[in-house]
Each structure stands twice: as structure tokens, then as C-alpha cells.
Amino acid sequence: MNYNTMKKHLFLMAGLLPLLFWSCSTAFNAEDFEGELVSVNHIEPLSWWTNMNCPLTLMFNGEDLADAQVRVAKATSDGKWTATKGLIIKGQHNAESANYLFVDVTVKEPGKYRFLLEKNGKKVIADYVINERRVGSRERESFTSADVVYLIMSDRFVDGDPSNNSTPDTKEKADKNNVHGRWGGDIQGIINSLDHIAELGATAIWPTPMLGDNEAAWSYHGYACSDYYHIDPRYGTNELYCQLVQEAHNKGIKMLMDMVPNHCGSEHWWMKDLPYQDWVNQFDKFTNTPNVFSANYDINASQYDRLMSNRGWFDRPMPDMNLENKDLLKYFQQWAIWWIEYADLDGLRVDTYPYIERLPAAEWLAAIRAEYPNINIVGECWTRPASAVAYWQSGVNNYDGFDSNLPTVMDFPVEEAIRQALENDGGGWGNGLTRVYDALAMDYLYADVNKLLIFVGNHDMDRFADVVKDKDPRRVKLGNVMLATMRGIPQIFAGDEYGMVSSDMSLGHSTLRRPLPQKDELTAEEKEMFDFQSKLFQFRKNEPIIHSGKTMHFFARNNTYSYFRYANDGAVFVFLNASNEARTIPVAHYEEILMNYRTEGVDIITGNKYDLSRTDISILPLSAIVLRLVAK
């Protein structure tokens, strides 16, 4: 053997020595996994599944875990522990804090496992479960333009279980006399209301966050998360949440989860000991976001403004998460996927989407959509005009090549147009229903207009019935006719089906987030409003032309507005009169589309028959007709 060959062999042996030592030092001994052992403080995700696309990285939290030796065993049928190839440790790395350890594992088979972490003679364990993935989970369908989303402010909806209104392990206790406090709405209250939601014609539910939020005050909104993997006990348990999803599915109702990756709450357990100092965006003093979304796409924007828009804090009790930290990004990817898989969810709503670091946010969504190719995710992009909103919808041909991976965006421009159209009599050029016409004229900007969440009100803005002129129920109905018949995915805010108003607008939005009245509490006007909206949304639920048909609209004249939702086999004709006078429908203007359909139709609101071959059709002030037309 020549010198070079010997040198090569010695080098290879030297490389193998650490592996041989590791093999000897990690020889399996079942007794190491048994007896009185201390558990780690946290291991997240809480569990996992076989056949997942997303690689699994576990975050362990406990005292002095950095550089710990990690082994894993599998439980046997007789409660013992055995060596396993069902869960394979691929690698590990430390955080900046010695109290965290990140471990990469490969999942081969389901079962109950135990991790053993050893360091300096100290042993801690973490029990873990790998479940068999449910059949068809990856291909699950999601909410679409065939659905109507019902938005629930979780704490303020229905108190189905008063026993959990206050709990020993949460700081803020229920106080229904405090307009800004917790009132006791919970998961059981939503379960009890599923029949009401179905009767309205809604087919999907979006509750505001129900994960742990342990702020001492103002915690009822749920947007300051203190635990990403557990339902707040004042709402119920993880198991009850899964029951809600299952019972909703049994009634043909889908479930969305409201997720907040932009910020956590100041009471989150990791705020006492961050894994990394850049786990959250930190400043010498409190620095809030300037809310300059345009800095993300403005060719003239400074780097300073771009950074501050994404890194400034939303509010003092809401530390801004830094998704540019790769371990945090992976944490959030697994968190979203875990809840979809665990609870069998049908979609997500993402809070404050443009506040998040733009490129990591797109990576976050890409991982979710890689796991669930059909999943729909709607993002709150609270900005205007339509060009600014369209920038955030996936598939738009942005000048900078950016794709958010966000399929659906909230249509704030149309919401604003409908509200402004009905808050007065529409006098003057460009006012009234002309605003709605102009808003829909911007549809060319979007990648997919059927993936716009349309609404006239939500939990963060004044009630729709509060802003229309004179709180007139007729104007409320006009807004809901548009909501039920336009392109996109309608969203109804709980209580608006009754024309609910705020209890005291001077006290802020807490007073619009009122409990849903029970049937025996309703006034005659509220019952009539519900019947009206139920008829509209039940019609929409069963009308494919509304779900996916094209739109042709006709310019608003004298504060009227008309449009057709149409397909080859039929059309839906909508005419709205927002003026204080009776108007005549200008049928002759519609010849280009009416020529394809029979002109007789029945108004789905009143049941009245109309013949659109006539030129003298009159419509009452502040009213609408909705006709289903059949192809010739």
C-alpha cells in the first residue's frame, strides 16, 4: 500500500470514528426511557401524521436543552419502550437561548413515541404521537364562490356554557357590564347556533381567533395569542373545537380558522425567554407600524419605510413576529398545517396580511398550499384602491414578479363603495350607486374575481345598519341584495342578518360586537329582515350562475344600478333603485344581453312576475328586483 492510499484510508477511518462512538453511546436501553422522568415544558407541534408533505421539525422547550443528546423509542402494546425506525432523528440545532432545541425527524409509521433528551447526567422526556393521516386529507376541498361565509366575534356571539366564562388559569374574567371585557361567547354557543346559520343560507363559518389569549384586559378579541396550539379555556377545549367542526360538516357547513402570524400576545409563554432575539422584531422603545402597505410595491419607497411597515408592532400588547427567522417561519408553517389536519378545517383567514414580512409570508402560504393543493386562504388586505388590493392576490402579474401565494383577498374597495352609495341620497356626479359601478369596473385588475371576499360589514368597522342613511332597513336590504348576487364570496357579520345596530357608537367597536339575539327576543322588524336575507342567501346557495357566472353591468342613472350574472343556460338580472322616487327600468338598454334569454322572470324576493319585453316596468323607491332568466 503506497503512502497516498494509506493516508486516504486513515482519513476515512477518522471520519467514521465519531459515528462509531455515537452508535456505541446511543445503544438502545429500554430502561433509559422508563421510571420517574421529568417532562420538557413544551414540544410543538403537539403531534403529527404519516404521509405529510411538510418535513417535521420539533421545537423542544425546557431547562438547558442546548446540545442535548436526543433519542427516541416507540411504545409497545404492553406499555414498554422499544427501539424504532418509525421515527428517525435526522438532525438537531440549538437556538440562542439554551432552553430550546430544534430536532428534525422523519416520520415512517404511526404510533406512540417518547423522546429522551440527555445532558450532563440530566434526563427529560417528551411523549409524542404520530397518527395515521385520514384518507383524502391532502385533496380536501375548500370554501369557494359557491359559499357564504358567516363571521362570528367568538366571545360576543352566544354563551352556550356559562361554566367556562371565567377560569382559574386565565387572567381576565367575564364581566358583561364591561363593554370592553369578556362576555362568555364560546364554542358551545356556536354549536347551538348551527341550525340558525344554515337557515340563513350561510355555508361556512369564520370565527375570530379562539386560541389562548391571556392578556389581562381587552383579551376578548382574541388577536393577541398566548398559545398557538390550545383553544382558550373560556371557549372550550381542543376536543370541543373538533366537535364543532364535525357537527358543522354534518350540516353542510365549512369551517375556517382565523390565523395571526403577524404578531403574538405579550403573554405568550415564549416572551419570557425568546428562542432568538430576532424571534420578534425589537426596538429600543415601543415602535408601532406606520401602516404604509404601499411601501411594499412603491417603486419610490425607502428601505426604511418598507422595513418599518413590516417590523413595527401592531399594538403594545402584540409583539411583531419576525418571519425572516427560519425557525419561526417553519414553526408557523407547521402550526397552520397542524390545525388544518387536526381539526379537519376547510380553509383559513389570515389577519393583517400586508403587515407580515412579504417574502416569508409567501413562503408560509406556499407550504400550506403544497400540503393542501385545493385549500382556499383569504387575507385581510385592508387597503384601497383596487390596484393596491389586487397586488396581494396570487396570480396577479405584478411588475416586480411578486406572488403572495394568497388565493383570496378581502374586497375592501367594493365594501367602501356600497357603504358610501347608501349613506346618503346619492346626489351629485359620481355618487350613489355609481360608486358601486366604478368599483366593479376595476375587476380587470384581479387574477380571479371569484376569489374576492365581499362584505358590507365586519367586526372591525361600524355596523352596516349604523352607516346607511337614517338606519333605513330598505337601504340595508339593498346592500344585501348586492352582497348576495355579486361575483365573489359573500361574508355576513353575525347580527347583520337582523339589521343589528351598535348599542353606543360613541364607545367604539366594542358596542357593535353584540351577542346574537335569541329567537324569542326578536322584534317584528328583525324577523322580517332575517326572512328577507334568508330568502336571498338560500337562493344564492342553490344558483350556480351566481357562483361562477360572468357579470355585465349597466351604468347607474338617477341612483339606480343594474347588472346581469350570466351563463349559457341562464341569467340573473338585478335592478336596484336607491333613489327616493319610483323609477322605470330602461329595458331597451339591455338588448345586447336580453336577446339571449326569455324575458319572463319571477322576482325571488317578492314572487312577483315580470316581463322584460315591456318598457314600462316601474320599481318602488329604495327597492330591488332579482329575476332568474332562462336561455332561449
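The values are calculated or read from the model by the stated rules, or taken from the named source; none is laboratory data. Source: prediction; values computed, not measured. Reconstructed Cβ throughout: ideal geometry from the backbone, glycine too, with neighbour counts over all protein chains shown.
For the range 494-509, indicate whether the set of residues that are crowded, with 18+ Cβ neighbours inside 10 Å, touching a residue at least 24 places away in the same chain (Cβ under 8 Å) and in contact with a strand residue (DSSP E or B) (Cβ under 8 Å, 6 or more places away or on another chain) is non-empty. So far as the range 494-509 goes, yes, one or more of its residues are crowded, with 18+ Cβ neighbours inside 10 Å, touching a residue at least 24 places away in the same chain (Cβ under 8 Å) and in contact with a strand residue (DSSP E or B) (Cβ under 8 Å, 6 or more places away or on another chain).
Report yes if Ser226 is farther than 23 Å from Phe530 by Cβ, at pLDDT 95 or above, touching a Lys or Arg at 6+ places or on another chain (Cβ under 7 Å) and in the same structural domain as Arg463 (by TED's automatic domain parsing), otherwise no. No; evaluated as a whole, the condition is false for this residue.
Out of all the residues in the range 464-483, which are of a type in the set (Val, Ile, Thr) and assigned to a loop (DSSP other than H, G, I, E, B)? Working first, answer last.
Here is the first cut: in the range 464-483, the residues of a type in the set (Val, Ile, Thr) are 467-468, 476, 481.
Correct list: Val468 only.
Reported count of residues in the range 271-299, each being within 22 Å of Ala216 (Cα to Cα) and touching a Cys at 6+ places or on another chain (Cβ under 8 Å), is 2.
Yes or no: Val107 over 16 Å from Phe60 (Cα atoms), free of Cβ contacts under 8 Å to residues at least 40 places away in the same chain and among the aliphatic types (A, V, I, L, M)? Considered against the rule, which asks whether it is over 16 Å from Phe60 (Cα atoms), free of Cβ contacts under 8 Å to residues at least 40 places away in the same chain and among the aliphatic types (A, V, I, L, M), Val107 comes out as no.
So that you can scan it fast, the table gives a plain yes or no per residue for (1) in contact (Cβ under 8 Å) with a residue 40 or more places away in the chain; (2) surrounded by fewer than 19 Cβ atoms within 10 Å (Cβ to Cβ); (3) among the aliphatic types (A, V, I, L, M):
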position: Asn300; (1), (2), (3): no, yes, no
position: Asp305; (1), (2), (3): no, yes, no
position: Phe314; (1), (2), (3): yes, no, no
position: Leu323; (1), (2), (3): yes, no, yes
position: Ile337; (1), (2), (3): yes, no, yes
position: Asp344; (1), (2), (3): yes, yes, no
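Scan the range 588-600 residue by residue and report those that are surrounded by 14 or more Cβ atoms within 10 Å (Cβ to Cβ) and assigned to a loop (DSSP other than H, G, I, E, B). The answer is Asn596, Arg598, Thr599.
Tell me, which residue of the range 197-226 that is acidic (Asp, Glu) and touching a helix residue (DSSP H, G or I) at 6+ places or on another chain (Cβ under 7 Å) is surrounded by the most Cβ atoms within 10 Å (Cβ to Cβ)? Here the residue is Asp213. Scanning the range 512-559 for residues that are small (Gly, Ala, Ser) and either buried (at least 19 other Cβ atoms within 10 Å of the Cβ) or closer than 15 Å to Leu200 by Cα (or both) gives Ser534, Gly549, Ala556.
Ser579 meets each of the listed conditions (1) within 17 Å of Val436 (Cβ to Cβ); (2) in contact with a helix residue (DSSP H, G or I) (Cβ under 8 Å, 6 or more places away or on another chain) apart from (2).
Restricting the range 37-48 to residues that are under 23 Å from the mean Cα position of the chain (by Cα) and over 11 Å from Gln333 (Cβ atoms), the residue that is surrounded by the most Cβ atoms within 10 Å (Cβ to Cβ) is Trp48.
Conditions tested, residue by residue: (1) buried (at least 16 other Cβ atoms within 10 Å of the Cβ); (2) in a helix (DSSP H, G or I).
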| residue | (1), (2) |
| --- | --- |
| Gly236 | yes, no |
| Glu239 | no, yes |
| Gln246 | no, yes |
| Asp258 | yes, no |
| Gly265 | yes, no |
| Trp270 | yes, yes |
| Gln277 | no, no |
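Taken over the range 601-629, the residue count meeting the criterion of being surrounded by fewer than 16 Cβ atoms within 10 Å (Cβ to Cβ) and outside any strand (DSSP E or B) is 9. If you go through the range 234-260 and pick out every residue that is in contact with a strand residue (DSSP E or B) (Cβ under 8 Å, 6 or more places away or on another chain) and of a type outside the set (Val, Ile, Thr), you end up with 13.
Scanning the range 608-632 for residues being more than 17 Å from Arg565 (Cβ to Cβ) and either outside the structural domain of Ser579 (by TED's automatic domain parsing) or more than 37 Å from the chain's Cα centre (by Cα) (or both) gives a total of 13. In the range 168-190, how many residues are among the β-branched types (Val, Ile, Thr) and surrounded by fewer than 20 Cβ atoms within 10 Å (Cβ to Cβ)? Residues meeting the conditions: 1. Of all the listed residues (Leu256, Leu274), the sole one being modelled with pLDDT of 95 or more and within 22 Å of the chain's Cα centre (by Cα) is Leu256. Going by the structure shown, is Lys527 among the basic types (Lys, Arg), assigned by TED's automatic domain parsing to the domain that holds Ile489 and modelled with pLDDT of 95 or more? Yes.
If a residue has to be over 16 Å from Pro261 (Cα atoms) and of a type outside the set (Ser, Thr, Tyr) to count, how many in the range 339-368 make the cut? It would help to see each step written out before you state the result.
Within the range 339-368, the first condition is being over 16 Å from Pro261 (Cα atoms), and the residues that meet it are 341-346.
From the residues that got through so far, the ones that are of a type outside the set (Ser, Thr, Tyr) too are 341, 343-346.
Adding up the residues that qualify gives 5.
Among the residues here, Ile585 qualifies as surrounded by 18 or more Cβ atoms within 10 Å (Cβ to Cβ) and either closer than 25 Å to Gly430 by Cβ or not assigned by TED's automatic domain parsing to the domain that holds Asn424 (or both).
The strands (runs of 3 or more DSSP E) falling completely within the range 484-570 that include 3 or more residues that are in contact with a Leu (Cβ under 9 Å, 6 or more places away or on another chain) map to 489-493, 560-567.
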